[in-house]
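Here it is: the structure, laid out below.
We did not get these values from a lab; they are worked out from the coordinates using the rules stated. Values in this document were obtained by computation on a predicted structure and should not be read as measured data. Virtual Cβ from ideal backbone geometry, glycine too; neighbours counted across all protein chains shown.
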Amino acid sequence: MSKSKPESKNLIGYGLYLIAAFLWGINGTVSKILLDTKIDPARLSQLRVTLAWLVLFLVIAIINRKALRFNSMQEFKLIAMYGVLGVTMTQWLYFVAIHLLPVGVALIIEFTSPLMVAVWVKFVWNHHVPRFTWVGLAIAIFGLFLVTQVWQGFSLNPIGIISGFGAAAALSLYFVTGEKILHLDAPRDSLSLTMWGFFFATVFWAIFKPWWDFPWNYLQGDANLNGIVAPQFILVIWMVILGTVIPFWLALAAMKFISSQQASATGMTEPIFASVIAWIVMSESLTPWQLVGGAITLTGIAVGENARR
């Protein structure tokens, strides 16, 4: 009996995180359909973080009002950097990438962020990094060589590729800064940290993209989902609730039952889900070489992340 309980808890954790990865995978296609209306990726990012912040703010205000205060000026500065450079840039560059690239390819490139964290830890913090992390990095780079089909002179959009790596770099900063915040003297829970990150992203976009000239007309039509017509505002609601708030909550809930390493490995299913869904809904397919390269890249990331942890 003592063994079955931990195993059942692991199954719950894996199940919760798989659902989160599946919802994020769907969200890649939903977001790309919205981007196909020609709305600026920055505007769609603004809409996503602002509405998600409002929902999370209401949740935190109900369940944990103490988290609405900052514990110190140091925490305030770190969370502001976390929100502007981590959340804002990750969301925006990811939207640019999926607009110009197949959704699965954009996610595979973005998923190299754990290896970028390893590079940061080694060369900026001057900490030891296990040898197998570099083996994983080399495997991932070879996989990316196949994904981007370099021998064809970059058949993929170069701006999309650059944006994908930019999103990975921003996500790395998101992880590094978030980990530092969670280890301050006065620890903060992950849910309220997510809420404050979205808040600073919301403020950033409100300054640089004022709401009074938001192009609402791009969201007033209908979208064709492989024969199924849906109002675009429904897709926006999906993007915010089922593509952002719910999967973030599920991922946090999963961490009560499984380790961060197990969660990271389970999260590797997201590009797979995203590729399959994009193929079903938008007939977006990858070449055999890209499929092989994607598998190799994810293997390299898993090897490197496992060694680092």
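Just name the residue that is nearest to Trp134 (Cα to Cα) out of those in region 273-297 that are not in a helix (DSSP H, G or I) and not β-branched (Val, Ile, Thr). So that I can check it myself, show each step before the final result.
Filtering region 273-297 for residues not in a helix (DSSP H, G or I) gives 283-287.
Filter once more, so that each one left must be not β-branched (Val, Ile, Thr): 283-286.
Values: Ser283: 36, Glu284: 32, Ser285: 31, Leu286: 27 Å.
Across region 273-297, the extreme among qualifying residues is Leu286.
Within the group Thr194, Thr148, Thr202, which residue is more than 30 Å from Leu78 (Cβ to Cβ) and either within 19 Å of the chain's Cα centre (by Cα) or surrounded by 16 or more Cβ atoms within 10 Å (Cβ to Cβ) (or both)?
Numbers: Thr194 fails: more than 30 Å from Leu78 (Cβ to Cβ); Thr202 fails: more than 30 Å from Leu78 (Cβ to Cβ).
Residue meeting the stated conditions: Thr148.
Just for helices (runs of 4 or more DSSP H) wholly inside region 1-112: which have at least 2 residues that are within 19 Å of Ala251 (Cα to Cα) and among the aromatic types (Phe, Trp, Tyr)?
Numbers: elements: 4-35, 41-63, 73-81, 89-100, 103-110.
Counting at least 2 such residues, we get 4-35, 41-63.
Where residues in region 205-229 are farther than 27 Å from Ala278 by Cβ and among the aliphatic types (A, V, I, L, M), which of them is surrounded by the most Cβ atoms within 10 Å (Cβ to Cβ)?
Looking at the filtered set, the residue picked out is Ala206.
With Val121, Val103, Val84 as the choices, which residue is under 14 Å from Gly294 (Cα atoms) and under 23 Å from the mean Cα position of the chain (by Cα)? Give the steps one after another, and end with the answer.
Values: Val121 fails: under 14 Å from Gly294 (Cα atoms); Val84 fails: under 14 Å from Gly294 (Cα atoms).
Matching residue, one of Val121, Val103, Val84: Val103.
For Ala186, state whether it is closer than 22 Å to Leu93 by Cβ and not basic (Lys, Arg).
Details: closer than 22 Å to Leu93 by Cβ: no; not basic (Lys, Arg): yes.
When the stated conditions are applied, Ala186 does not pass them.
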